[in-house]
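All of the numbers you see were taken from the coordinates with simple rules; none came from a lab. What you see is a predicted model, and the numbers here were worked out from it, not measured in a lab. Here the Cβ is made from the backbone with ideal geometry for all residues, glycine too, and neighbour counts use every protein chain on show.
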């Protein structure tokens with residue numbers, strides 16, 4: 001049975017639709033909840049792959065959240081061992097940082113449903129060839145990443161140029177949230193840390209109303225795309241990938 005390490009930061013950011021896909025595929029999942037175990041030091045040697053989930057912190061808050069440095073090291077270890085890695089939102093930013101790329105504030109916060117556009121390189125990517133020319137995808141982020149050296153830029157949105165990348169054959173960073181279902185989105189809207197963020201933006205109530213109105217219309221397409229894209233991602237666990245040298249800093 002393949003063993004998968006999942007790095008979690010807050011209770012409401014979970015694997016979502018990825019969880020049943022992984023369990024049906026026979027994966028044994030080990031969560032490390034750094035919100036509860038900030039000093040945990042898991043050993044990547046014991047696992048066949050790594051998933052880094054989202055969270056409300058940012059990559060520069062290492063003094064407040066020292067586990068962020070631990071996760072950078074985990075990602076680097078997995079990449080050196082040619083193991084599949086998936087980073088989602090904060091996880092993608094951690095992954096970009098592990099590959100020597102810059103993480104900084106995005107010009108605007110994307111919270112809600114936004115159109116996602118594949119880049120020309122996506123047409124030949126095993127996962128992103130499935131992405132339609134424009135599809136609204138759920139987002140919740142204020143930061144963004146540069147595309148790491150030697151990585152392939154796969155998607156963008158009007159307000160965030162760098163939405164996804166692939167490094168090597170089996171390392172993916174996604175700024176957006178294809179793992180969510182309708183219940184997860186509702187849970188996020190009522191999570192205290194997220195409610196405080198929405199209140200600080202000045203248009204929180206209006207934004208929440210827009211999200212609630214749009215979600216029933218857009219969620220089915222998102223679930224369909226997420227199921228197909230993540231299904232292709234799981235195939236990478238059965239492919240032989242070459243070991244990589246991390247970019248020089």
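Testing residue 201 on (1) more than 19 Å from the chain's Cα centre (by Cα); (2) loosely packed, with under 15 Cβ neighbours inside 10 Å; (3) closer than 19 Å to residue 14 by Cα, one condition comes back false. Which one is that?
It fails just one condition, (3).
Applying the selection to the range 15-35, what residues are touching a strand residue (DSSP E or B) at 6+ places or on another chain (Cβ under 9 Å), part of a loop (DSSP other than H, G, I, E, B) and surrounded by fewer than 18 Cβ atoms within 10 Å (Cβ to Cβ)?
If the condition is that a residue be touching a strand residue (DSSP E or B) at 6+ places or on another chain (Cβ under 9 Å), part of a loop (DSSP other than H, G, I, E, B) and surrounded by fewer than 18 Cβ atoms within 10 Å (Cβ to Cβ), then 35 is the only one that fits.
Check 125, 143 and return the single one that is in contact with a strand residue (DSSP E or B) (Cβ under 9 Å, 6 or more places away or on another chain), crowded, with 17+ Cβ neighbours inside 10 Å and over 24 Å from residue 187 (Cβ atoms). Show your work before the answer.
Details: 143 fails: over 24 Å from residue 187 (Cβ atoms).
Going through 125, 143 in turn, the sole match is 125.
Is there any pair with a first residue in the range 8-29 that is in contact (Cβ under 8 Å) with a residue 12 or more places away in the chain and a second that is part of a loop (DSSP other than H, G, I, E, B) and exposed (fewer than 12 other Cβ atoms within 10 Å of the Cβ) whose Cβ atoms are under 8 Å apart and which are 6 or more apart or on different chains, and what are they?
26/1; 27/1; 28/1
Can you name the number of the only condition in (1) crowded, with 18+ Cβ neighbours inside 10 Å; (2) within 20 Å of residue 96 (Cβ to Cβ) that residue 188 fails?
Every condition holds for residue 188 apart from (2).
Just for helices (runs of 4 or more DSSP H) wholly inside the range 152-246: which have at least 3 residues that are in contact (Cβ under 8 Å) with a residue 24 or more places away in the chain and closer than 15 Å to residue 131 by Cα? Steps first, please.
Working: elements: 182-190, 192-200, 204-235.
Because the criterion is at least 3 residues that are in contact (Cβ under 8 Å) with a residue 24 or more places away in the chain and closer than 15 Å to residue 131 by Cα, the helices (runs of 4 or more DSSP H) in the range 152-246 that meet it are 204-235.
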